[in-house]
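A.B. asks: Have a look at the structure that comes next, please.
The values are calculated or read from the model by the stated rules, or taken from the named source; none is laboratory data. Quick caveat, the model's predicted, so the values are computed rather than measured. Here the Cβ is made from the backbone with ideal geometry for all residues, glycine too, and neighbour counts use every protein chain on show.
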Amino acid sequence: MSKTILLTGANGQLGRSIYLELSPFYNVVPAIYKNISNLNLFNNNEIKLDITNKSEIKYICNEINPDIIINTAAFTDVNYCEIEKDKAVDINVNGVRNLLSAMKNETLFIQISTDYVFDGVSGWYTEENPTYPETYYGKTKLEAENILRGSNKQFLILRPNVLFGNDINSDASFVSWVFQNLKKQNKINVVIDQISNPTWTTAFSQAIRQCIIMKARGIYHYGSDDVISRFDFAKLIAEIFDFDSSLVHPINSENLNQIPVRPKKTNVDVSKISNEIGAHIYTLEYCLNQLKRLINE
(Lines give C-alpha, C1' and ligand atoms only; values in the text may rest on other atoms or scores of the structure.)
Protein backbone atom coordinates (compact mmCIF):
# COMPACT_ATOMS: atom_id res chain seq x y z
CA MET A 1 0.00 0.00 0.00
CA SER A 2 1.38 3.41 -0.98
CA LYS A 3 2.10 6.03 1.65
CA THR A 4 -0.40 8.81 2.27
CA ILE A 5 1.07 12.31 2.06
CA LEU A 6 -0.62 15.46 3.31
CA LEU A 7 0.69 18.30 1.13
CA THR A 8 -0.03 21.75 2.53
CA GLY A 9 0.16 24.81 0.29
CA ALA A 10 -0.51 22.55 -2.67
CA ASN A 11 -1.66 25.38 -4.92
CA GLY A 12 1.63 27.29 -4.65
CA GLN A 13 4.31 27.04 -7.31
CA LEU A 14 6.28 24.49 -5.29
CA GLY A 15 3.21 22.62 -4.06
CA ARG A 16 2.00 22.05 -7.61
CA SER A 17 5.36 20.67 -8.70
CA ILE A 18 5.54 18.35 -5.69
CA TYR A 19 2.03 17.10 -6.39
CA LEU A 20 2.85 16.31 -10.02
CA GLU A 21 6.05 14.53 -9.05
CA LEU A 22 4.72 12.47 -6.13
CA SER A 23 1.10 11.68 -7.01
CA PRO A 24 1.97 8.85 -9.46
CA PHE A 25 3.75 7.03 -6.61
CA TYR A 26 1.91 8.02 -3.42
CA ASN A 27 -1.56 8.89 -2.22
CA VAL A 28 -1.04 12.66 -2.12
CA VAL A 29 -3.78 14.69 -0.46
CA PRO A 30 -3.46 18.29 -1.69
CA ALA A 31 -4.45 20.84 0.95
CA ILE A 32 -5.10 24.44 -0.07
CA TYR A 33 -5.96 27.57 1.88
CA LYS A 34 -8.26 29.06 -0.76
CA ASN A 35 -9.48 28.23 -4.24
CA ILE A 36 -7.48 29.37 -7.25
CA SER A 37 -9.54 30.00 -10.38
CA ASN A 38 -8.86 27.86 -13.45
CA LEU A 39 -6.73 25.44 -11.49
CA ASN A 40 -7.79 21.87 -12.30
CA LEU A 41 -4.57 20.16 -11.34
CA PHE A 42 -6.13 18.22 -8.48
CA ASN A 43 -9.32 17.08 -10.26
CA ASN A 44 -11.42 18.53 -7.43
CA ASN A 45 -9.74 16.20 -4.93
CA GLU A 46 -8.15 19.01 -2.95
CA ILE A 47 -9.17 19.76 0.63
CA LYS A 48 -9.39 23.13 2.37
CA LEU A 49 -6.96 23.58 5.23
CA ASP A 50 -5.83 26.58 7.24
CA ILE A 51 -2.67 25.53 9.10
CA THR A 52 -3.30 28.23 11.71
CA ASN A 53 -6.53 26.48 12.67
CA LYS A 54 -5.77 23.72 15.21
CA SER A 55 -9.18 22.05 15.02
CA GLU A 56 -9.07 21.85 11.21
CA ILE A 57 -5.63 20.27 11.28
CA LYS A 58 -6.59 17.77 13.97
CA TYR A 59 -9.70 16.75 12.03
CA ILE A 60 -7.80 16.31 8.75
CA CYS A 61 -4.97 14.33 10.34
CA ASN A 62 -7.46 12.03 12.04
CA GLU A 63 -9.35 11.55 8.79
CA ILE A 64 -6.47 10.80 6.41
CA ASN A 65 -3.82 9.53 8.89
CA PRO A 66 -0.83 10.74 6.85
CA ASP A 67 2.44 8.84 6.79
CA ILE A 68 4.18 12.03 5.66
CA ILE A 69 3.35 15.72 5.95
CA ILE A 70 5.05 18.04 3.45
CA ASN A 71 4.60 21.62 4.58
CA THR A 72 4.98 24.14 1.77
CA ALA A 73 2.40 26.54 3.23
CA ALA A 74 4.09 29.77 4.28
CA PHE A 75 3.86 33.55 4.39
CA THR A 76 6.74 34.22 1.99
CA ASP A 77 6.36 37.91 1.16
CA VAL A 78 9.57 39.23 2.68
CA ASN A 79 8.39 42.85 2.73
CA TYR A 80 5.02 42.15 4.32
CA CYS A 81 6.55 39.86 6.92
CA GLU A 82 8.23 42.99 8.33
CA ILE A 83 4.87 44.78 8.47
CA GLU A 84 2.54 41.92 9.44
CA LYS A 85 4.75 40.16 11.96
CA ASP A 86 1.89 38.50 13.83
CA LYS A 87 0.63 36.96 10.60
CA ALA A 88 4.15 35.78 9.72
CA VAL A 89 4.48 34.06 13.11
CA ASP A 90 1.00 32.59 12.96
CA ILE A 91 1.59 30.92 9.58
CA ASN A 92 5.32 30.19 9.52
CA VAL A 93 5.77 29.24 13.18
CA ASN A 94 2.45 28.37 14.79
CA GLY A 95 1.33 26.52 11.66
CA VAL A 96 4.25 24.13 12.11
CA ARG A 97 3.44 23.73 15.80
CA ASN A 98 -0.17 22.90 14.94
CA LEU A 99 0.77 20.28 12.37
CA LEU A 100 3.29 18.70 14.73
CA SER A 101 0.80 18.47 17.59
CA ALA A 102 -1.83 16.82 15.39
CA MET A 103 0.32 14.18 13.69
CA LYS A 104 1.33 10.79 15.04
CA ASN A 105 4.83 10.12 16.32
CA GLU A 106 5.65 7.83 13.41
CA THR A 107 4.66 10.45 10.80
CA LEU A 108 7.51 12.12 8.90
CA PHE A 109 7.37 15.92 8.80
CA ILE A 110 9.07 17.50 5.76
CA GLN A 111 9.49 21.23 6.23
CA ILE A 112 10.38 23.54 3.36
CA SER A 113 12.64 26.20 4.79
CA THR A 114 14.74 28.87 3.08
CA ASP A 115 18.23 30.19 2.36
CA TYR A 116 17.13 33.35 4.21
CA VAL A 117 18.04 31.69 7.52
CA PHE A 118 21.57 32.89 6.67
CA ASP A 119 22.90 36.45 6.79
CA GLY A 120 24.24 36.40 3.23
CA VAL A 121 27.73 37.61 4.14
CA SER A 122 29.86 34.70 2.93
CA GLY A 123 27.76 32.40 0.71
CA TRP A 124 28.49 28.71 0.11
CA TYR A 125 26.52 27.79 3.22
CA THR A 126 26.59 24.19 4.36
CA GLU A 127 24.04 22.56 6.65
CA GLU A 128 26.49 22.96 9.53
CA ASN A 129 26.98 26.72 9.19
CA PRO A 130 25.51 28.97 11.91
CA THR A 131 22.21 30.66 11.04
CA TYR A 132 21.84 34.42 11.41
CA PRO A 133 18.68 35.56 9.59
CA GLU A 134 18.52 39.27 8.79
CA THR A 135 14.86 39.42 7.74
CA TYR A 136 11.78 38.73 9.85
CA TYR A 137 10.73 36.14 7.26
CA GLY A 138 14.04 34.33 7.78
CA LYS A 139 13.64 34.55 11.55
CA THR A 140 10.20 32.90 11.47
CA LYS A 141 11.45 30.12 9.20
CA LEU A 142 14.41 29.50 11.50
CA GLU A 143 12.11 29.37 14.51
CA ALA A 144 10.04 26.73 12.73
CA GLU A 145 13.22 24.75 12.07
CA ASN A 146 14.17 24.94 15.74
CA ILE A 147 10.72 23.73 16.80
CA LEU A 148 11.15 20.67 14.58
CA ARG A 149 14.68 20.02 15.79
CA GLY A 150 13.51 20.21 19.40
CA SER A 151 10.58 17.87 18.86
CA ASN A 152 10.55 14.12 19.33
CA LYS A 153 9.14 13.66 15.83
CA GLN A 154 10.78 12.47 12.64
CA PHE A 155 11.67 15.46 10.49
CA LEU A 156 13.40 16.52 7.30
CA ILE A 157 14.23 20.19 6.76
CA LEU A 158 14.99 21.26 3.19
CA ARG A 159 16.44 24.66 2.34
CA PRO A 160 15.99 25.56 -1.34
CA ASN A 161 17.42 28.69 -2.93
CA VAL A 162 15.35 31.23 -4.97
CA LEU A 163 12.53 29.01 -6.22
CA PHE A 164 11.05 29.29 -9.70
CA GLY A 165 8.20 27.16 -11.01
CA ASN A 166 6.58 26.19 -14.29
CA ASP A 167 3.79 28.78 -14.40
CA ILE A 168 5.52 31.48 -16.38
CA ASN A 169 2.41 33.67 -16.29
CA SER A 170 2.40 33.98 -12.50
CA ASP A 171 4.10 36.68 -10.45
CA ALA A 172 5.42 34.16 -7.95
CA SER A 173 9.05 34.01 -9.06
CA PHE A 174 11.97 36.03 -10.37
CA VAL A 175 11.97 34.00 -13.59
CA SER A 176 8.31 34.75 -14.37
CA TRP A 177 8.86 38.46 -13.58
CA VAL A 178 11.82 38.63 -15.97
CA PHE A 179 10.02 36.58 -18.63
CA GLN A 180 6.87 38.70 -18.58
CA ASN A 181 8.74 41.98 -18.74
CA LEU A 182 11.12 40.96 -21.51
CA LYS A 183 8.25 39.47 -23.48
CA LYS A 184 6.63 42.94 -23.40
CA GLN A 185 10.02 44.45 -24.28
CA ASN A 186 10.15 46.34 -21.00
CA LYS A 187 13.48 47.56 -19.69
CA ILE A 188 14.27 45.98 -16.30
CA ASN A 189 16.80 46.90 -13.63
CA VAL A 190 18.33 43.85 -11.95
CA VAL A 191 20.77 43.70 -9.05
CA ILE A 192 24.31 42.54 -9.67
CA ASP A 193 25.22 41.95 -6.02
CA GLN A 194 22.63 39.37 -4.90
CA ILE A 195 24.10 35.92 -5.48
CA SER A 196 22.37 32.52 -5.30
CA ASN A 197 22.03 29.13 -6.96
CA PRO A 198 18.33 29.25 -7.97
CA THR A 199 16.07 26.21 -7.66
CA TRP A 200 13.67 24.92 -10.31
CA THR A 201 10.67 23.47 -8.48
CA THR A 202 10.51 20.39 -10.71
CA ALA A 203 14.12 19.45 -9.94
CA PHE A 204 13.54 20.14 -6.25
CA SER A 205 10.42 17.95 -6.26
CA GLN A 206 12.46 15.12 -7.76
CA ALA A 207 14.97 15.59 -4.94
CA ILE A 208 12.16 15.44 -2.38
CA ARG A 209 11.00 12.12 -3.82
CA GLN A 210 14.57 10.82 -3.62
CA CYS A 211 14.73 11.93 0.03
CA ILE A 212 11.56 9.96 0.78
CA ILE A 213 12.92 6.86 -0.96
CA MET A 214 16.24 7.12 0.90
CA LYS A 215 14.54 7.83 4.26
CA ALA A 216 16.47 11.08 4.67
CA ARG A 217 16.29 12.84 8.03
CA GLY A 218 17.82 16.07 9.31
CA ILE A 219 18.71 19.14 7.24
CA TYR A 220 19.65 19.31 3.55
CA HIS A 221 20.25 22.14 1.10
CA TYR A 222 19.15 22.19 -2.53
CA GLY A 223 19.82 24.47 -5.47
CA SER A 224 21.15 24.51 -9.00
CA ASP A 225 24.71 23.80 -10.10
CA ASP A 226 25.24 27.49 -10.94
CA VAL A 227 26.14 30.28 -8.53
CA ILE A 228 24.92 33.42 -10.25
CA SER A 229 23.86 37.03 -9.67
CA ARG A 230 20.28 38.09 -10.31
CA PHE A 231 21.57 40.21 -13.21
CA ASP A 232 23.40 37.32 -14.90
CA PHE A 233 20.41 35.06 -14.24
CA ALA A 234 18.14 37.56 -16.03
CA LYS A 235 20.58 37.69 -18.96
CA LEU A 236 20.53 33.88 -19.13
CA ILE A 237 16.71 33.88 -19.14
CA ALA A 238 16.79 36.37 -22.03
CA GLU A 239 19.22 34.16 -23.94
CA ILE A 240 17.26 30.92 -23.43
CA PHE A 241 13.89 32.45 -24.33
CA ASP A 242 15.23 34.53 -27.25
CA PHE A 243 14.52 37.93 -25.72
CA ASP A 244 16.52 41.13 -26.09
CA SER A 245 19.17 40.93 -23.36
CA SER A 246 20.01 44.64 -23.77
CA LEU A 247 16.76 45.35 -21.91
CA VAL A 248 18.42 43.99 -18.74
CA HIS A 249 20.32 46.74 -16.88
CA PRO A 250 22.59 46.24 -13.85
CA ILE A 251 22.03 48.05 -10.55
CA ASN A 252 23.19 47.65 -6.97
CA SER A 253 20.92 46.53 -4.14
CA GLU A 254 21.15 49.96 -2.56
CA ASN A 255 19.33 51.41 -5.57
CA LEU A 256 16.23 49.32 -4.77
CA ASN A 257 15.75 50.68 -1.24
CA GLN A 258 14.42 47.28 -0.21
CA ILE A 259 13.05 47.05 3.31
CA PRO A 260 14.29 44.81 4.73
CA VAL A 261 17.67 44.64 3.00
CA ARG A 262 18.06 41.24 1.35
CA PRO A 263 21.02 39.01 2.17
CA LYS A 264 23.48 39.30 -0.72
CA LYS A 265 25.17 35.90 -0.92
CA THR A 266 22.81 33.02 -0.13
CA ASN A 267 24.19 30.35 -2.43
CA VAL A 268 24.10 27.01 -0.62
CA ASP A 269 26.39 24.00 -0.77
CA VAL A 270 24.39 21.10 -2.25
CA SER A 271 27.04 18.39 -1.96
CA LYS A 272 25.37 16.70 1.04
CA ILE A 273 22.05 15.98 -0.69
CA SER A 274 23.90 14.93 -3.84
CA ASN A 275 26.40 12.61 -2.15
CA GLU A 276 24.23 11.13 0.61
CA ILE A 277 20.83 10.98 -1.07
CA GLY A 278 21.75 10.81 -4.75
CA ALA A 279 19.64 13.84 -5.68
CA HIS A 280 20.39 15.24 -9.12
CA ILE A 281 21.80 18.76 -9.33
CA TYR A 282 21.14 20.52 -12.63
CA THR A 283 22.55 23.56 -14.39
CA LEU A 284 20.30 26.58 -14.82
CA GLU A 285 20.68 26.30 -18.59
CA TYR A 286 19.23 22.78 -18.46
CA CYS A 287 16.37 23.83 -16.14
CA LEU A 288 15.42 26.85 -18.23
CA ASN A 289 15.52 24.81 -21.45
CA GLN A 290 13.23 22.23 -19.86
CA LEU A 291 10.91 25.04 -18.77
CA LYS A 292 10.94 26.41 -22.32
CA ARG A 293 10.01 22.99 -23.65
CA LEU A 294 7.09 22.75 -21.21
CA ILE A 295 5.80 26.18 -22.23
CA ASN A 296 5.95 25.29 -25.91
CA GLU A 297 4.16 21.94 -25.57
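A.B. asks: Taking the stated definitions as given, is LYS265 farther than 20 Å from GLU134 by Cβ, modelled with pLDDT of 95 or more and of a type in the set (D, E, K, R)? Outline the logic, then answer.
C.D. replies: Numbers: farther than 20 Å from GLU134 by Cβ: no; modelled with pLDDT of 95 or more: yes; of a type in the set (D, E, K, R): yes.
Answer is no for this residue.
A.B. asks: So ILE281 passes all but one of these: (1) assigned to a helix (DSSP H, G or I); (2) over 22 Å from PRO133 (Cα atoms). Which condition number does it fail?
C.D. replies: The failed condition is (1).
A.B. asks: Would you mind finding the one in LEU7, LEU39 that is modelled with pLDDT of 95 or more and either out of contact with any Gly (no Cβ under 6 Å at 6 or more places or on another chain) or among the aliphatic types (A, V, I, L, M) (or both)? So that I can check it myself, show each step before the final result.
C.D. replies: Working: LEU39 fails: modelled with pLDDT of 95 or more.
Within the list LEU7, LEU39, the selection yields LEU7.
Let's see how each residue does on (1) free of Cβ contacts under 8 Å to residues at least 12 places away in the same chain; (2) surrounded by 18 or more Cβ atoms within 10 Å (Cβ to Cβ); (3) under 19 Å from LEU148 (Cβ atoms):
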{"position": "SER17", "(1), (2), (3)": "no, yes, no"}
{"position": "LEU20", "(1), (2), (3)": "no, no, no"}
{"position": "ASN27", "(1), (2), (3)": "no, no, no"}
{"position": "ASN65", "(1), (2), (3)": "no, no, no"}
{"position": "ILE69", "(1), (2), (3)": "no, yes, yes"}
{"position": "GLU84", "(1), (2), (3)": "yes, no, no"}
{"position": "VAL96", "(1), (2), (3)": "no, yes, yes"}
{"position": "ILE112", "(1), (2), (3)": "no, yes, yes"}
{"position": "ASP115", "(1), (2), (3)": "no, yes, yes"}
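A.B. asks: Also, I was wondering about something else. If the requirement is being more than 22 Å from PRO263 (Cα to Cα), over 14 Å from the mean Cα position of the chain (by Cα) and without any contact (Cβ under 8 Å) to a residue 24 or more places away in the chain, which of these qualifies: ILE147, ILE237, ILE168, ILE213? Talk me through it step by step, then tell me what you get.
C.D. replies: Working: ILE147 fails: without any contact (Cβ under 8 Å) to a residue 24 or more places away in the chain; ILE237 fails: without any contact (Cβ under 8 Å) to a residue 24 or more places away in the chain; ILE168 fails: without any contact (Cβ under 8 Å) to a residue 24 or more places away in the chain.
The conditions single out ILE213.
A.B. asks: Mind listing whichever residues of region 263-284 are free of Cβ contacts under 8 Å to residues at least 60 places away in the same chain and within 12 Å of VAL227 (Cα to Cα)?
C.D. replies: Across region 263-284, the qualifying residue is only THR283.
For (1) surrounded by fewer than 18 Cβ atoms within 10 Å (Cβ to Cβ); (2) part of a helix (DSSP H, G or I), each residue gets a yes or a no:
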| residue | (1), (2) |
| --- | --- |
| SER224 | no, no |
| PHE231 | no, yes |
| ALA234 | no, yes |
| ALA238 | no, yes |
| PHE243 | no, no |
| PRO250 | yes, no |
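A.B. asks: Only one of (1) surrounded by 17 or more Cβ atoms within 10 Å (Cβ to Cβ); (2) touching a residue at least 24 places away in the same chain (Cβ under 8 Å); (3) touching a helix residue (DSSP H, G or I) at 6+ places or on another chain (Cβ under 6 Å) fails for LYS54. Which number is that?
C.D. replies: Of everything listed in (1) surrounded by 17 or more Cβ atoms within 10 Å (Cβ to Cβ); (2) touching a residue at least 24 places away in the same chain (Cβ under 8 Å); (3) touching a helix residue (DSSP H, G or I) at 6+ places or on another chain (Cβ under 6 Å), LYS54 misses just condition (1).
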